[in-house]
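Take a look at the structure set out below.
Values in this text are rule-based calculations from the coordinates and carry no lab data. Predicted model only: the values in this text are computed from it and were never measured. All Cβ positions, even for glycine, are placed from backbone atoms using ideal geometry, and neighbour counts span all protein chains on display.
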């Protein structure tokens, strides 16, 4: 089972979660760029924060190896 753990941040991320994280990164970068281009300061800040948070959270997921939950 896939579980988020802070101490497992640097362990390999499962393929499914990498795809989710990369999709969040792509969409967030596009929204942030559009907001900057349109001079919408608050939308740019919010989308940037959500993008960084989403990408970071997906890095916390790792496969639970042999049921070990330490």
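As a proxy for reagent exposure, ranking 52, 20 by other Cβ atoms within 10 Å from fewest up yields 52, 20.
Highest mean first, the peptides 42-51, 9-18 sorted by other C-beta atoms within 10 Å per residue fall in the order 42-51, 9-18.
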